[in-house]
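Okay, so here's the structure we're looking at.
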Amino acid sequence: MTLQIAGPSADDPESHTMPLLDHLMELRSRMLVSVIALLLAFFACATVAEPIFNWLVKPLQHAMEQVSGSTNRMIFTQLTEAFFTRMKVAFFAAGMLTFPIFAHQMWKFIAPGLYRHEKRALLPFLVASPVLFFFGASLVYYFIMPMAWKFLLGFQVTGVAGEMPVQLEQRVGEYLTLVMQLMFAFGLTFQFPVLLVLLARVGIISAKGLRDKWRYAVVGVFIFAAIVTPPDPISQIGLAIPMLLLYWLSIIGASWVEKKKEESDTANAAASGIEDTDFNES
């Protein structure tokens, strides 16, 4: 009986090997596509930067109307502040829009070096990552910011009975920085289950380890929330509670991938045993 040794298949990473310089050239081309997409999105968003900024200001405007019954003005204290704020708005919006393009280009770069089962394992996380990021950003805009702004505006003093009034005069640049900080903090936080489940998938952590360390996770979550959010309890609790829910969701996800990995290893071992038996009989 003649044995035939098959060459590497199209799904074998060894079939996609190339010199280091070629890898660097491909990486450059992938990054170039991503940067061009970002620049095009930036110029497009720059034409509508004012409506986008007005949309970001809406939670503060509604909070002012609820607290004082009127909308106060926003100011800028440097001549170029208003202009650069619009540019930051455009870049912020462009980054949000082109995030899936960056992720897709990185996937196209690393995918040839993965086996088919590794691609199947990573692809769901690649899809879930931008969805969770936008969900986190939406949570802070529609839920956290309205409550936090209303709470913070409650510290204004109207100046009755001879008291000196203390009113908010919000700078446009500082407000945008605060909004971007919150949105990115919540968006990145919602990548928490993706990271933990991936680590469980490759065997670095386990579902049992996550369950055993839940007390440390609670302390760490509240410390992290206190660092990345403004110094008000609403923002901190509003970030900490979703993070804890995502932590327990990660434990469920880690248990699921461990079960699937065990089933896959068992099936592969059984298939390997059958192949060895057939080879010995031949």
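Any read-out appearing in this document is the output of simple, stated calculations on the displayed coordinates, not a laboratory observation. Bear in mind the structure is a predicted one, so any value in this text is a computation, not a measurement. So basically every Cβ, Gly included, is an ideal-geometry build from the backbone, and we count neighbours across all protein chains shown.
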Restricting attention to segment 186-222, which trypsin sites (Lys or Arg not before Pro) occupy a DSSP loop and are surrounded by at most 13 other Cβ atoms within 10 Å?
-> Lys213
Between Gln170 and residues 5 or more places away or on another chain, the pairs with built amide H atoms under 5 Å apart involve Ile75
Length gained, Gln181-Gln61, 0.36 nm per residue minus C-alpha separation, equals 41.3 nm
The alpha-carbon pair-distance distribution computed for segment 73-135, with 5 angstrom bins and whole-percent values, is 4, 14, 17, 16, 11, 10, 8, 7, 5, 4, 3, 1
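Structure shown: which of Lys108/Lys213; Lys58/Lys213; Lys88/Lys119; Lys108/Lys260; Lys213/Lys259 lie over 29 Å apart, alpha-carbon to alpha-carbon?
Working: Lys108/Lys213 36 Å; Lys58/Lys213 40 Å; Lys88/Lys119 36 Å; Lys108/Lys260 25 Å; Lys213/Lys259 20 Å.
Pairs exceeding 29 Å: Lys108/Lys213; Lys58/Lys213; Lys88/Lys119.
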Over segment 121-251, equivalent-ellipsoid semi-axes from the Cα gyration tensor in Å = 37, 17, 9
Calculated SAXS-style log₁₀ I(q)/I(0) at q = 0.18, 0.19, 0.21, 0.31 Å⁻¹ - segment 58-98, Debye, Cα scatterers = -0.71, -0.75, -0.80, -0.91
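Which GluC sites (Glu not before Pro) does segment 163-225 hold that lie in a coil by DSSP with at most 13 other beta carbons within 10 Å?
Numbers: sites: Glu163, Glu169, Glu174; in loops: Glu163, Glu169.
Sparse-neighbourhood loop GluC sites (Glu not before Pro): Glu163, Glu169.
On full extension of the chain, what length is gained from Leu199 through Phe84, given 0.36 nm per residue of separation minus the C-alpha to C-alpha distance?
Details: separation 115, 0.36 × 115 = 41.40 nm, distance 3.98 nm.
So the chain would gain 37.4 nm between Leu199 and Phe84.
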Counting pairs of Cα atoms in segment 25-183, how many percent are more than 23 Å apart?
-> 53
Which ³J(HN,Hα) values in Hz, rounded to whole numbers, follow from the phi angles of segment 213-223 under the Karplus curve 6.51 cos²θ - 1.76 cosθ + 1.60, where θ = phi - 60° and Gly and Pro get x?
-> 9, 5, 5, 5, 5, 4, 5, x, 5, 5, 5
For segment 180-265, the Cα-Cα pair-distance distribution in 5 Å bins from 0, as whole percents, is 3, 15, 24, 21, 15, 11, 7, 3, 1, 0
Amide H within-cut-off set for Gln156, under 5 Å, with H built and near neighbours excluded = none
